[in-house]
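Enquirer: The structure under discussion is supplied below as structure tokens; questions concerning it will follow.
The values are calculated or read from the model by the stated rules, or taken from the named source; none is laboratory data. Predicted, not measured: the structure shown is a model, and the values here were computed from it. In this analysis, Cβ positions are derived from the backbone assuming ideal geometry, glycine residues included, and neighbour counts consider all displayed protein chains.
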Amino acid sequence: MSVITPELIQQHQLSESEYRKIVELLGREPTYTELGIFSVMWSEHCSYKSSRLHLKKLPTRSRLVLQGPGENAGIIDIGGGYAIAFKIESHNHPSFIEPFQGAATGVGGILRDIFTMGARPLAVLDSLRFGPLDDPVNGSRNARILKGVVEGIAHYGNCFGVPTVGGECLFESGYDGNPLVNVFALGVFKKDEIFYARASGVGNPVIYVGAKTGRDGIHGASMASAEFTEESQQKRPNVQVGDPFMEKLLLEACLEAMRTGAIVGIQDMGAAGLTCSTCEMGSRGGTGIEIELDLVPQRAAGMTPYEIMLSESQERMLLVAEKGREQEVFAVFRKWGLDAVTIGHVTGDGLLRVRHHGEVVAEIPNRDLADEAPLYDRPHVPPGPPAPAREIPPGDPARDLRALLASGDICSKRWIWEQYDYMVRTNTVAGPGGDAAIIRIKETGTSVAMALDGNGRYTRLAPREGAKLAVAENCRNLATVGALPVAATNCLNFGNPERPEIMGQLVEAIEGMGEACRFFETPITGGNVSLYNETLGEAIFPTPVLGIVGLLKTEMPITPDFKKPGRAVMLLGGLGTTDALHFGGTEYVKVILKDLWGLPPALDMEYEKRVHDAMREIAAEGLAESAHDLSDGGLAVAAAESSFGPSGTGAELDLESGMRAEFLLFHEGPSRILISTARPERVAAIAARHGVEAPRIGTTVEGRLRIRNYGQTLADQAIIELKDIWEHALEDHLRG
Amino acid sequence: MKFGVIVFPGSNCDHDAWYAVSRNLGRPAEFIWHDSASLGDVDAVILPGGFSYGDYLRCGAIAKFSRVMAAVRKFAAGGGLVIGICNGFQILVETGLLPGALVRNRSLRFICKPVALRVETADSPFTSAATKGQILTMPIAHGEGCYYADERTLDELEAEDRVAFRYVDNPNGSLRDIAGILNRERNVLGMMPHPERATEPLMGSADGLAVFQSMAAALATKS
């Protein structure tokens with residue numbers, strides 16, 4: 001048995017006090033295997049030790065929430081006897097080290113979280129952030145990471161057979177050495193056929209299914225809990241290799257095995273592999289679990305108990321079956337050609353007991369591992385005062401619009417999403433490229449809309465407001481397609497929480513998110529916290545990403561593009577307003593002025609919600625021929641994007657505003673949706689009833705986008721030219 | 001009249017094909033497991049899209065050896081209708097039921113998008129409900145859909161009126177824009193685009209229904 005030295009403790013990223021707590025809980029020194037087990041379970045990634053205290057501030061309940069945080073995924077009742085399970089997960093660190101496999105296994109991990117609960121995955125969305133592609137130093141590396149990540153997502157999702165229906169992709173130099181890959185997945189099942197990750201029934205067999213255990217991914221969870229240094233490339237072996245075919249078999253076999261009625265509890269082996277699945281299932285069930293590692297299917301010879309317990313080999317599940325009904329379960333897995341073996345049993349003593357060649361190599365109370373992890377109230381400081389606004393020189397609106405349409409954040413992401421099979425399972429009502437994705441649920445005749453959004457720039461300027469704006473924009477995206485938001489999942493991507501200013505960002509963002517989610521009645525049913533997103537001491541922009549789901553009728557979707565000339569163009573929510581300080585976080589300032597200052601746009605949540613209510617009513621009456629929410633790039637960009645549909649219809653906008661041209665065209669004030677309609681009076685009446693402005697700002701026309709203010713032309717261009725810029729910018733950037 | 005949808009490990013459009021036939025066409029359909037030696041009493045066979053056996057080797061290369069494919073071969077030899085869609089097309093060429101090969105897209109990337117297809121012949125049990133020259137819109141979703149064959153084979157396919165569909169705007173580099181072909185006896189069709197994903201307006205197009213309607217009509221005359 002190895003002697004536990006201070007160096008060994010440090011290598012396991014455990015602090016001295018954490019080690020003392022381990023000794024205290026065990027009443028003795030841990031074995032080497034136990035040290036490894038504690039180190040992964042108490043890692044930031046698995047234990048949320050820095051964030052747990054603050055995550056409690058988030059709303060988690062509503063009439064529709066069947067399962068909140070704490071399980072593999074959150075669950076919402078969608079009516080008709082059905083429910084959806086959904087969650088978001090980050091795979092940031094692995095995707096930097098090995099973009100293809102890092103992203104692929106990110107998809108694999110979140111899919112398992114969904115079908116572990118018995119739900120069939122129906123949709124994936126991805127929120128991606130990379131360093132800029134035109135960066136003179138890192139541009140080509142950033143492009144390589146992007147290509148690898150997109151290919152990895154495509155490889156896994158396409159083969160598995162889940163449509164990737166939407167997401168976002170943004171660029172900022174802060175993500176140069178630390179890309180963000182956040183994957184959202186959603187599945188559907190009958191609400192009385194939900195499976196939980198609980199080990200119950202003393203004597204019940206603990207069964208291992210799926211891929212064999214190898215040496216890959218050992219300490220992946222710990223890697224995800226540390227900053228990157230120059231040596232990080234040596235961590236490549238910590239990244240796992242994904243096998244989507246195996247996962248597809250595992251999906252079908254698990255769902256079929258669940259139908260036998262012989263399964264008591266089930267959990268996937270994700271981060272911290274066998275360790276996490278055993279102790280969490282035991283802890284949730286209030287039971288113990290005893291396993292014999294000799295029985296674990298192994299890919300490599302001579303693996304140590306430490307390696308077997310900490311391996312993060314993919315496509316594995318742990319399940320507890322009813323004693324005596326093992327053969328029913330085995331038969332299903334045999335049919336699908338998968339390994340399924342009993343490796344232990346449930347006990348009544350609350351301990352995780354691990355044997356190797358019969359000898360006990362670890363014996364730890366499950367509860368200590370899963371629930372007694374350290375909890376830190378890390379020091380945090382509120383953000384400093386905003387940087388003052390700088391002078392904004394008069395621009396050339398037409399030229400600036402073209403520049404924005406060509407920018408990485410705003411340009412078309414078709415090059416990315418055409419690599420994803422976004423239609424498999426034939427439920428995709430609205431796929432990528434719109435404000436929200438929609439999938440129908442064949443079983444209920446209703447649909448689910450999903451939006452995935454975050455804004456690192458806004459959150460960098462004001463974490464609390466940035467998080468609120470992210471919630472508001474997601475809800476607006478859903479309203480734009482006529483959906484009612486009902487629940488959310490969050491992925492909190494931040495830097496090193498041991499730095500008070502970073503911790504301050506996290507606390508503020510969580511509080512802002514909590515406030516907004518309470519207001520919009522979208523409880524957070526689960527999610528993920530990814531900290532230590534830093535490379536060589538440089539932290540990313542604080543980036544809370546939200547996935548919000550909404551419910552709606554199944555019908556032909558409202559899409560962003562103008563359909564026919566001669567329709568009224570209305571701006572639900574009005575022209576809004578800004579000042580130089582609140583203009584500093586816009587894409588205009590980023591792309592045209594290459595700067596960042598001040599505060600994000602001001603948000604009035606009451607007004608925002610009224611806009612959503614009005615929009616849903618307009619949608620329900622079938623009045624909107626097109627609807628597109630205003631976000632990055634403001635009114636001008638939204639109007640251009642609405643002109644890029646297959647019909648080639650543009651618009652002539654005649655505005656009457658005292659704002660300077662840059663503000664009027666490009667400010668990003670929230671609570672606004674651009675609509676085209678054949679019945680402007682009816683739209684105006686609905687808006688008025690909700691106390692919402694809805695000026696008619698123009699008319700759709702064939703082939704041009706012209707914007708005037710008090711008769712003065714600000715931009716006038718053929719759609720085909722603008723669209724060409726927008727459509728090809730990403731590919732041009734990637735070709736570099 | 002019954003359609004059978006073959007399920008290989010890794011098939012992932014099996015359910016979509018089943019749904020298109022049973023719901024949108026309104027004809028009975030059932031799944032057939034890759035391990036079965038018999039096709040039961042089905043009157044037409046669909047080899048669906050997906051990644052059979054993971055397709056880590058050449059696409060369709062392993063499916064060719066499955067037990068069910070022996071039965072499919074026999075069924076085809078007896079004049080039974082067999083349609084292979086996407087991965088199903090790849091399996092048909094691997095099996096030798098159709099000539100040529102499907103290689104990586106010219107872009108070397110997976111492509112998913114709706115494409116326009118021109119019906120090149122209405123003289124087949126898969127296209128009789130359409131007219132020659134008619135444009136049908138349906139999606140493609142593949143990484144290896146570039147149709148390849150030697151010149152002689154291509155000439156032969158054309159001479160024998162066996163090109164069922166051509167791309168209007170070739171997305172993947174397929175030789176002579178070929179999207180779907182028939183065997184000499186015209187009872188086996190392979191196509192990369194997905195007709196089953198275009199069988200109701202909500203899917204963005206209902207044009208693919210023509211393929212299944214043609215098959216149903218052919219089966220109705222037979223019986």
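Enquirer: Of the residues B:Arg152, B:Arg166, B:Arg176, B:Arg184, which is in contact with a helix residue (DSSP H, G or I) (Cβ under 7 Å, 6 or more places away or on another chain), at pLDDT 95 or above, over 29 Å from A:Gly161 (Cβ atoms) and surrounded by fewer than 22 Cβ atoms within 10 Å (Cβ to Cβ)?
Expert: Working: B:Arg152 fails: in contact with a helix residue (DSSP H, G or I) (Cβ under 7 Å, 6 or more places away or on another chain); B:Arg166 fails: over 29 Å from A:Gly161 (Cβ atoms); B:Arg184 fails: in contact with a helix residue (DSSP H, G or I) (Cβ under 7 Å, 6 or more places away or on another chain).
Answer to the check: B:Arg176.
Enquirer: Give me the residue from segment B:1-14 that is within 14 Å of chain A (Cβ to nearest Cβ) and in a strand (DSSP E or B) and, out of that set, nearest to A:Arg440 (Cα to Cα).
Expert: The initial filter retains those residues of segment B:1-14 that are within 14 Å of chain A (Cβ to nearest Cβ), namely B:5, B:7-14.
When the remaining residues are screened for being in a strand (DSSP E or B), the result is B:5, B:7, B:11.
Details: B:Val5: 23, B:Val7: 24, B:Ser11: 21 Å.
Here the residue is B:Ser11.
Enquirer: Here are A:Thr554, A:Thr535: which of them is at pLDDT below 95, farther than 30 Å from A:Glu702 by Cβ, touching a strand residue (DSSP E or B) at 6+ places or on another chain (Cβ under 6 Å) and surrounded by fewer than 24 Cβ atoms within 10 Å (Cβ to Cβ)? Outline the logic, then answer.
Expert: Numbers: A:Thr554 fails: at pLDDT below 95.
One residue alone meets the criteria, A:Thr535.
Enquirer: Inside segment B:135-186, counting only strands (runs of 3 or more DSSP E) that do not spill past its ends, which hold 1 or more residues that are of a type in the set (Phe, Trp, Tyr)? It would help to see each step written out before you state the result.
Expert: On the way: elements: B:135-142, B:146-148, B:163-167, B:178-182.
Those strands (runs of 3 or more DSSP E) span B:146-148, B:163-167.
Enquirer: Tell me whether segment B:54-61 contains one or more residues that are crowded, with 19+ Cβ neighbours inside 10 Å and part of a loop (DSSP other than H, G, I, E, B).
Expert: yes
Enquirer: A further question follows. Which is modelled with pLDDT of 95 or more, within 13 Å of chain B (Cβ to nearest Cβ) and more than 21 Å from A:Ala640 (Cα to Cα), of A:Arg440, A:Arg414, A:Arg457?
Expert: On the way: A:Arg414 fails: more than 21 Å from A:Ala640 (Cα to Cα); A:Arg457 fails: within 13 Å of chain B (Cβ to nearest Cβ).
The unique qualifying residue is A:Arg440.
Enquirer: Condition test on B:Val211, is it closer than 25 Å to B:Asp14 by Cα, more than 14 Å from every other protein chain (Cβ to nearest Cβ) and of a type outside the set (S, T, N, Q)?
Expert: Details: closer than 25 Å to B:Asp14 by Cα: yes; more than 14 Å from every other protein chain (Cβ to nearest Cβ): yes; of a type outside the set (S, T, N, Q): yes.
So B:Val211 fits the description; yes.
Enquirer: Another question, if that's okay. For segment A:130-169, what are the residues that are part of a strand (DSSP E or B) and surrounded by fewer than 24 Cβ atoms within 10 Å (Cβ to Cβ)? Outline the logic, then answer.
Expert: Step one: filter segment A:130-169 for residues part of a strand (DSSP E or B), giving A:130, A:164-169.
Selection gives A:Glu168, A:Cys169.
Enquirer: Right, another one. Is it the case that B:Arg118 is among the basic types (Lys, Arg), farther than 27 Å from A:Arg120 by Cβ and modelled with pLDDT under 95?
Expert: Numbers: among the basic types (Lys, Arg): yes; farther than 27 Å from A:Arg120 by Cβ: yes; modelled with pLDDT under 95: no.
No, not satisfied.
Enquirer: For segment B:83-119, which residues satisfy the criterion of being assigned to a strand (DSSP E or B), surrounded by fewer than 24 Cβ atoms within 10 Å (Cβ to Cβ) and either under 13 Å from the mean Cα position of the chain (by Cα) or within 14 Å of another protein chain (Cβ to nearest Cβ) (or both)?
Expert: B:Ile111, B:Lys113, B:Pro114, B:Val115, B:Ala116
Enquirer: A further question on this structure: Among the residues that make up segment A:255-262, is at least one of them surrounded by fewer than 24 Cβ atoms within 10 Å (Cβ to Cβ), within 14 Å of chain B (Cβ to nearest Cβ) and either on the phi > 0 side of the Ramachandran plot or of a type outside the set (Phe, Trp, Tyr) (or both)?
Expert: Yes.
Enquirer: Quick test for you: out of A:Arg460, A:Arg464, A:Arg476, A:Arg499, pick the one residue that is of a type in the set (D, E, K, R) and touching a Phe, Trp or Tyr at 6+ places or on another chain (Cβ under 6 Å).
Expert: Details: A:Arg464 fails: touching a Phe, Trp or Tyr at 6+ places or on another chain (Cβ under 6 Å); A:Arg476 fails: touching a Phe, Trp or Tyr at 6+ places or on another chain (Cβ under 6 Å); A:Arg499 fails: touching a Phe, Trp or Tyr at 6+ places or on another chain (Cβ under 6 Å).
Checking each option against the conditions leaves just A:Arg460.
Enquirer: Condition test on A:Val448, is it within 11 Å of another protein chain (Cβ to nearest Cβ) and among the aliphatic types (A, V, I, L, M)?
Expert: Working: within 11 Å of another protein chain (Cβ to nearest Cβ): no; among the aliphatic types (A, V, I, L, M): yes.
No; evaluated as a whole, the condition is false for this residue.
Enquirer: Here's another thing I want to ask about it. Could you tell me which numbered condition A:Val545 fails, if it satisfies all but one of (1) crowded, with 24+ Cβ neighbours inside 10 Å; (2) within 14 Å of chain B (Cβ to nearest Cβ); (3) of a type in the set (Val, Ile, Thr)?
Expert: Going through the list (1) crowded, with 24+ Cβ neighbours inside 10 Å; (2) within 14 Å of chain B (Cβ to nearest Cβ); (3) of a type in the set (Val, Ile, Thr), A:Val545 breaks only (2).
Enquirer: Identify all residues within segment A:93-106 that are outside any loop (DSSP other than H, G, I, E, B) and more than 11 Å from the chain's Cα centre (by Cα); write none if there are none. If you could, list the steps in order and put the result at the bottom.
Expert: Initial filter on segment A:93-106 (outside any loop (DSSP other than H, G, I, E, B)): A:93-97, A:99-106.
Answer for segment A:93-106, where residues must be outside any loop (DSSP other than H, G, I, E, B) and more than 11 Å from the chain's Cα centre (by Cα): A:His93, A:Pro94, A:Ser95, A:Phe96, A:Ile97, A:Pro99, A:Phe100, A:Gln101, A:Gly102, A:Ala103, A:Ala104, A:Thr105.
Enquirer: Let me ask something additional. Given the options A:Ala624, A:Ala568, A:Ala620, name the one that is crowded, with 21+ Cβ neighbours inside 10 Å and not β-branched (Val, Ile, Thr). Can you show your working first?
Expert: On the way: A:Ala568 fails: crowded, with 21+ Cβ neighbours inside 10 Å; A:Ala620 fails: crowded, with 21+ Cβ neighbours inside 10 Å.
Every option except A:Ala624 fails the conditions.
Enquirer: Which of the residues spanning segment A:272-325 are outside any loop (DSSP other than H, G, I, E, B) and of a type in the set (S, T, N, Q)?
Expert: First pass over segment A:272-325, keeping only residues outside any loop (DSSP other than H, G, I, E, B): A:273-285, A:288-295, A:298, A:305-310, A:316-321.
Matches in segment A:272-325: A:Thr275, A:Ser277, A:Thr278, A:Ser283, A:Gln298.
Residue-wise test of (1) among the aliphatic types (A, V, I, L, M); (2) more than 21 Å from A:Val188 (Cβ to Cβ); (3) surrounded by fewer than 24 Cβ atoms within 10 Å (Cβ to Cβ); (4) at pLDDT below 95.
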{"position": "A:Arg476", "(1), (2), (3), (4)": "no, yes, no, no"}
{"position": "A:Ala479", "(1), (2), (3), (4)": "yes, yes, no, no"}
{"position": "A:Gly482", "(1), (2), (3), (4)": "no, no, no, no"}
{"position": "A:Arg499", "(1), (2), (3), (4)": "no, yes, yes, no"}
{"position": "A:Val529", "(1), (2), (3), (4)": "yes, yes, yes, no"}
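Enquirer: Give me a count of the residues in segment B:15-27 that are within 23 Å of A:Leu251 (Cα to Cα) and within 9 Å of chain A (Cβ to nearest Cβ). Quick ask: steps written out before the conclusion?
Expert: Of the residues in segment B:15-27, the ones within 23 Å of A:Leu251 (Cα to Cα) are B:15-20.
From what's left, within 9 Å of chain A (Cβ to nearest Cβ): B:15-16, B:19-20.
Final tally of qualifying residues: 4.
Enquirer: Now for a separate question. Looking only at segment A:475-502, how many residues end up being assigned to a strand (DSSP E or B) and out of contact with any strand residue (DSSP E or B) (no Cβ under 8 Å at 6 or more places or on another chain)? Break it down into steps so the answer makes sense when it comes.
Expert: Pass one, segment A:475-502, residues assigned to a strand (DSSP E or B): A:484-493.
Subset that is out of contact with any strand residue (DSSP E or B) (no Cβ under 8 Å at 6 or more places or on another chain): none.
Number of matching residues: 0.
Enquirer: Any residue at all in segment A:669-680 that is hydroxyl-bearing (Ser, Thr, Tyr) and more than 27 Å from A:Asn474 (Cα to Cα)? Walk me through how you get there before you give the answer.
Expert: Taking segment A:669-680 as the starting set, the residues that turn out to be hydroxyl-bearing (Ser, Thr, Tyr) are A:671, A:676-677.
If we keep only those that are more than 27 Å from A:Asn474 (Cα to Cα) too, we end up with none.
No, segment A:669-680 contains no residue that is hydroxyl-bearing (Ser, Thr, Tyr) and more than 27 Å from A:Asn474 (Cα to Cα).
Enquirer: Now for a separate question. Can you tell me which of (1) buried (at least 24 other Cβ atoms within 10 Å of the Cβ); (2) away from chain A (no Cβ under 14 Å); (3) among the hydroxyl-bearing types (Ser, Thr, Tyr) is the one B:Ser38 doesn't meet?
Expert: (1)
Enquirer: If you don't mind, another one. Can you tell me which residue within segment B:199-208, out of those that are more than 9 Å from chain A (Cβ to nearest Cβ) and buried (at least 18 other Cβ atoms within 10 Å of the Cβ), is farthest from B:Arg118 (Cα to Cα)? Quick ask: steps written out before the conclusion?
Expert: Taking segment B:199-208 first, the residues more than 9 Å from chain A (Cβ to nearest Cβ) are B:205-208.
If we keep only those that are buried (at least 18 other Cβ atoms within 10 Å of the Cβ) too, we end up with B:205, B:207-208.
Working: B:Ser205: 15, B:Asp207: 12, B:Gly208: 12 Å.
Of everything passing the filter in segment B:199-208, B:Ser205 is farthest from B:Arg118 (Cα to Cα).
Enquirer: Considering only segment A:481-511, how many residues are under 13 Å from A:Val545 (Cα atoms) and in contact with an Asp or Glu (Cβ under 8 Å, 6 or more places away or on another chain)?
Expert: First, the residues of segment A:481-511 that are under 13 Å from A:Val545 (Cα atoms): A:488-494, A:506, A:509-510.
Now narrow it down to the ones that are in contact with an Asp or Glu (Cβ under 8 Å, 6 or more places away or on another chain): A:491.
The qualifying residues number 1.
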